[in-house]
Amino acid sequence: MIRKESEDVLNMLLVKLFNDILKIEGAAIKSAPFNDLSITEMHTIEAIGIEKARTMSEVALDLKITVGTLTTAINKLIKKGYVNRRRIEEDRRVVLIKLTSKGEKAFDSHAQFHDDMIKSIIKELPESEEAVLIASLKKMTNFFEEKYNLHK
């Protein structure tokens, strides 16, 4: 009986945590200078990254969406001034996308949100609980990756 109660509590906590993070993240985006972005668009910006131009195929693979779906998202981000797109001369089929300076600022803002969120969580935990949390989340992540074939 105790196991069932634990399962119910864990399910409730995971669902609540997932929904709360999405809600908090959405509110943070809407209050930031980048309030013209949706959460999905911000995650697309995050997937593009700031290191170098990436191919549409690479980003679509990371986001686990089709290139066609990504094309629609990129078109919107280009119109909003967050992304540039260009074809490479050697193979015109390959499309590279890169963040503009506005896109890089949005990326940095979102990264700061995540950094603040994590720091506020772990500052309340003793190191022993932090280690248990990390180990537990790693096990959960591995479970979901294996069960639902989520490996990149």
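Across all Cα atoms of segment 1-46, the radius of gyration (one decimal) and Dmax (whole number) stand at 15.6, 50 Å. Between amide H atoms placed 1.01 Å from N, distances below 5 Å from Leu96 occur with Arg86, Arg87, Ile88, all of them 5 or more places distant or on a separate chain.
Taking θ as phi - 60° and the Karplus parameters 6.51, -1.76 and 1.60, the scalar couplings of segment 133-140 work out to 4, 4, 4, 5, 5, 4, 4, 5 Hz in sequence order, x denoting glycine and proline.
At 1.4 Å probe size, with the rest of the protein present, what percent of the exposed accessible area of the chain is carbon and sulfur atoms? Exposed carbon and sulfur together represent 59 percent of the surface. For the chain, the longest piece that avoids every one of the GluC sites (Glu not before Pro) found in DSSP loops with at most 14 other C-beta atoms within 10 Å covers 1-50.
Centre-to-centre separation between the Cα atoms of segment 1-48 and those of segment 55-80: 21 Å. The HN-Hα couplings worked out from phi for segment 50-62 by the Karplus form 6.51 cos²θ - 1.76 cosθ + 1.60 (θ = phi - 60°) are 10, 5, 7, 5, 10, 7, 4, 5, 4, 5, 4, 5, 4 Hz, whole numbers, x standing for Gly and Pro. How far, in degrees from 0 to 90, does helix 67-79 lean away from the longest principal axis of the Cα atoms of the chain, to the nearest 10? Orientation of helix 67-79: about 70 degrees from the principal axis.
Taking Kirkwood radius over Cα pairs in Å as calculated from this structure, the corresponding entry among (i) 26.1; (ii) 17.9; (iii) 18.3 is (ii).
Assuming charge only on the beta carbon of Lys and Arg (+1) and of Asp and Glu (-1), the dipole of the chain about its Cα centre is about 800 debye to the nearest 20. Take the alpha-carbon positions of segment 74-141, form their convex hull, and give its projected area averaged over all directions (one quarter of the hull surface) in nm². Spelled out: convex hull of the Cα atoms, projected over all directions, averaged, 7.5 nm².
Out of every Cα-Cα pair that segment 33-110 contains, those further apart than 20 angstrom amount to 22 percent. Charging the Cβ of each Asp and Glu at -1 and of each Lys and Arg at +1, and nothing else, the dipole of segment 41-80 about its Cα centre rounds to 180 debye.
The values are calculated or read from the model by the stated rules, or taken from the named source; none is laboratory data. Computed from a prediction, not measured in an experiment: that's the story for all the values here. Note that each Cβ is placed from the backbone with ideal geometry, even for glycine, and that neighbours are counted across all protein chains shown. To get the accessible areas, we keep the full protein, side chains included, count just its heavy atoms, and leave off ligands, DNA and RNA. Shrake-Rupley method; radii C 1.70, N 1.55, O 1.52, S 1.80 Å.
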